């Protein structure tokens with residue numbers, strides 16, 4: 001089936017409202033679509049999955065009979081683009097802010113719990129620092145701000161000293177999903193620059209008590225529909241070819257001046273446009289979700305807890321579901337799910353101070369959770385613009401200056417939208433210079 005111009009354009013008198021096509025309804029694609037719709041563009045979004053959200057979504061798990069997130073994310077008040085997105089769709093109240101900022105830690109080796117409380121003169125208050133650290137120990141991180149593009153975190157912050165195991169390593173691994181020795185110093189510096197180095201007001205954790213979809217995806221989709229945007233689900237972009245192509249499925253011809261934004265994961269874009277050469281996948285992230293017989297209170301009194309000295313790195317509690325996250329977990333992911341669950345539950349139970357049999361669980365192995373964020377691949381990320389005047393890129397793997405995070409995804413989408421709005425796409429692009437693309441869809445468009 002061909003989607004003709006009449007189905008993809010609106011006219012107000014003699015003024016044509018330009019249509020922008022966006023492939024991908026993850027956070028990057030939705031952020032791009034919202035900016036364009038707010039600017040008066042007609043927007044059509046195509047999503048391969050049966051729901052929007054990409055890697056930022058919730059789903060009902062039949063084993064647990066609970067709604068869980070496909071990955072655990074810790075959002076901070078310094079994530080200004082992400083929180084600004086929620087402000088614009090009237091959903092800022094779907095996040096609960098921890099104020100003042102606090103980050104509880106638990107050492108699985110000695111059972112000690114402490115809480116990092118940044119802000120003000122916290123470096124001079126022993127009770128607010130990492131145990132055993134001194135104020136001057138933290139100043140070494142300032143060297144990251146001037147790190148070269150080829151430097152790893154280990155090159156700048158050697159893996160030793162009182163802060164390595166208890167602060168820097170946990171932050172690097174969870175923030176970049178990379179081993180400490182391979183993680184880009186510049187990308188880690190970007191995290192510090194926008195959060196810890198901006199003070200307590202930029203470090204406040206933002207909790208999504210009803211899940212990622214409720215907090216981020218549903219309100220943005222609702223706002224897009226209110227603005228007249230169209231969202232096609234179960235519609236996978238199969239091919240993009242400036243010269244045209246022949247393939248099964250619906251064919252979409254872009255009219256004169258109609259751009260296409262590929263807001264897909266890096267591996268998806270690589271299949272469509274091998275010349276883009278995005279970064280390869282990073283390590284696997286493993287999440288284990290346990291359904292308990294009652295809601296649990298974590299040490300430190302907050303719904304999250306950082307763990308050191310073991311395999312598990314973060315605990316997240318929501319109602320009677322306890323979620324455990326392990327980043328840079330390629331070796332762990334090779335084990336069967338039942339072994340992973342038993343290992344992580346043993347550490348979680350130790351942190352909680354309970355003795356209980358393994359509860360019902362769900363293990364999720366995210367093998368393409370992020371791209372490789374080593375210095376070499378961080379330096380080679382593509383910008384929003386491509387060599388083709390009507391083709392643009394969005395995604396947390398593009399060049400935003402940030403790691404592949406929810407914040408990076410939103411900024412990439414907004415950068416792509418700005419590039420579209422400033423692009424000069426001439427009517428002559430019809431003559432083989434604007435691509436068509438094909439879709440595979442369950443049902444009808």
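The values are calculated or read from the model by the stated rules, or taken from the named source; none is laboratory data. Just so it is clear, the model here is predicted, and its values are computed rather than measured. So basically every Cβ, Gly included, is an ideal-geometry build from the backbone, and we count neighbours across all protein chains shown.
When every residue of the range 37-59 is checked against the conditions, none turns out to be touching a residue at least 24 places away in the same chain (Cβ under 8 Å), more than 24 Å from the chain's Cα centre (by Cα), more than 30 Å from residue 259 (Cα to Cα) and not in a strand (DSSP E or B). Scoring residue 315 on the criteria (1) more than 23 Å from residue 99 (Cβ to Cβ); (2) in contact with a helix residue (DSSP H, G or I) (Cβ under 8 Å, 6 or more places away or on another chain); (3) without any contact (Cβ under 8 Å) to a residue 40 or more places away in the chain leaves a single failure, condition (1).
crowded, with 16+ Cβ neighbours inside 10 Å, within 19 Å of the chain's Cα centre (by Cα), more than 19 Å from residue 177 (Cα to Cα) and touching a residue at least 12 places away in the same chain (Cβ under 8 Å): does that describe residue 406?
Criteria not met by residue 406.
Restricting attention to the range 123-170, the residues that are in contact with a strand residue (DSSP E or B) (Cβ under 9 Å, 6 or more places away or on another chain), in a helix (DSSP H, G or I) and surrounded by 19 or more Cβ atoms within 10 Å (Cβ to Cβ) add up to 5.
State which residue pairs qualify: first residue at positive phi and outside the structural domain of residue 273 (by TED's automatic domain parsing) and inside the range 384-401, second residue crowded, with 24+ Cβ neighbours inside 10 Å and part of a strand (DSSP E or B) in any location, beta carbons under 6 Å apart, and separation of 6 or more residues or different chains. Here the result reads none, with nothing in the range 384-401 linked to a residue that is crowded, with 24+ Cβ neighbours inside 10 Å and part of a strand (DSSP E or B).
Conditions (1) surrounded by 16 or more Cβ atoms within 10 Å (Cβ to Cβ); (2) assigned to a helix (DSSP H, G or I); (3) in the same structural domain as residue 179 (by TED's automatic domain parsing), marked per residue:
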| site | (1), (2), (3) |
| --- | --- |
| 323 | yes, no, no |
| 328 | yes, no, no |
| 343 | yes, yes, no |
| 355 | no, no, no |
| 358 | no, no, no |
| 362 | yes, no, no |
| 378 | yes, yes, no |
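For every residue, the table says whether it meets (1) surrounded by 14 or more Cβ atoms within 10 Å (Cβ to Cβ); (2) modelled with pLDDT under 90; (3) on the phi < 0 side of the Ramachandran plot; (4) touching a strand residue (DSSP E or B) at 6+ places or on another chain (Cβ under 8 Å).
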{"site": "224", "(1), (2), (3), (4)": "yes, no, yes, yes"}
{"site": "234", "(1), (2), (3), (4)": "yes, no, no, yes"}
{"site": "261", "(1), (2), (3), (4)": "yes, no, yes, yes"}
{"site": "273", "(1), (2), (3), (4)": "yes, yes, yes, yes"}
{"site": "276", "(1), (2), (3), (4)": "yes, yes, yes, yes"}
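If you check 158, 205, which single one turns out to be at pLDDT below 95 and more than 20 Å from residue 108 (Cβ to Cβ)? Write out each step before concluding.
Working: 205 fails: at pLDDT below 95.
After applying the criteria, what remains is 158.
For residue 118, indicate whether it is at negative phi and at pLDDT below 95. When the stated conditions are applied, residue 118 does not pass them. Scanning the range 1-39 for residues that are surrounded by fewer than 17 Cβ atoms within 10 Å (Cβ to Cβ) and at pLDDT 95 or above turns up 38, 39. Residue check: residue 304 meets all listed conditions (1) in contact with a helix residue (DSSP H, G or I) (Cβ under 8 Å, 6 or more places away or on another chain); (2) buried (at least 19 other Cβ atoms within 10 Å of the Cβ) but one, namely (1).
With respect to residue 107, is the statement that it is closer than 30 Å to residue 235 by Cα and touching a strand residue (DSSP E or B) at 6+ places or on another chain (Cβ under 6 Å) true? Can you show your working first?
Details: closer than 30 Å to residue 235 by Cα: no; touching a strand residue (DSSP E or B) at 6+ places or on another chain (Cβ under 6 Å): yes.
No, not satisfied.
For (1) closer than 18 Å to residue 37 by Cβ; (2) surrounded by fewer than 20 Cβ atoms within 10 Å (Cβ to Cβ), each residue gets a yes or a no:
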residue: 190; (1), (2): no, no
residue: 194; (1), (2): no, yes
residue: 199; (1), (2): no, yes
residue: 202; (1), (2): no, yes
residue: 205; (1), (2): no, yes
residue: 209; (1), (2): no, yes
residue: 214; (1), (2): no, yes
residue: 217; (1), (2): yes, no
residue: 221; (1), (2): yes, no
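Of the residues examined, residue 369 is one that is touching a strand residue (DSSP E or B) at 6+ places or on another chain (Cβ under 6 Å), assigned to a loop (DSSP other than H, G, I, E, B) and within 30 Å of residue 62 (Cβ to Cβ).
Answer yes if at least one residue in the range 344-362 is under 28 Å from residue 206 (Cβ atoms) and under 20 Å from the mean Cα position of the chain (by Cα), and no otherwise. No; the residues of the range 344-362 include none that is under 28 Å from residue 206 (Cβ atoms) and under 20 Å from the mean Cα position of the chain (by Cα).
Could you go through the range 173-183 and let me know if any residue there is assigned to a helix (DSSP H, G or I), farther than 30 Å from residue 83 by Cα and either in contact with a helix residue (DSSP H, G or I) (Cβ under 7 Å, 6 or more places away or on another chain) or modelled with pLDDT of 95 or more (or both).
Taking the range 173-183 as the starting set, the residues that turn out to be assigned to a helix (DSSP H, G or I) are 173-176.
Going one step further and asking which of them are farther than 30 Å from residue 83 by Cα, we end up with none.
Within the range 173-183 (the criterion being assigned to a helix (DSSP H, G or I), farther than 30 Å from residue 83 by Cα and either in contact with a helix residue (DSSP H, G or I) (Cβ under 7 Å, 6 or more places away or on another chain) or modelled with pLDDT of 95 or more (or both)), the answer is no, since none of the residues qualifies.
Once the range 94-116 is narrowed to residues that are assigned to a loop (DSSP other than H, G, I, E, B) and more than 12 Å from residue 205 (Cβ to Cβ), the residue that is nearest to the chain's Cα centre (by Cα) is 108.
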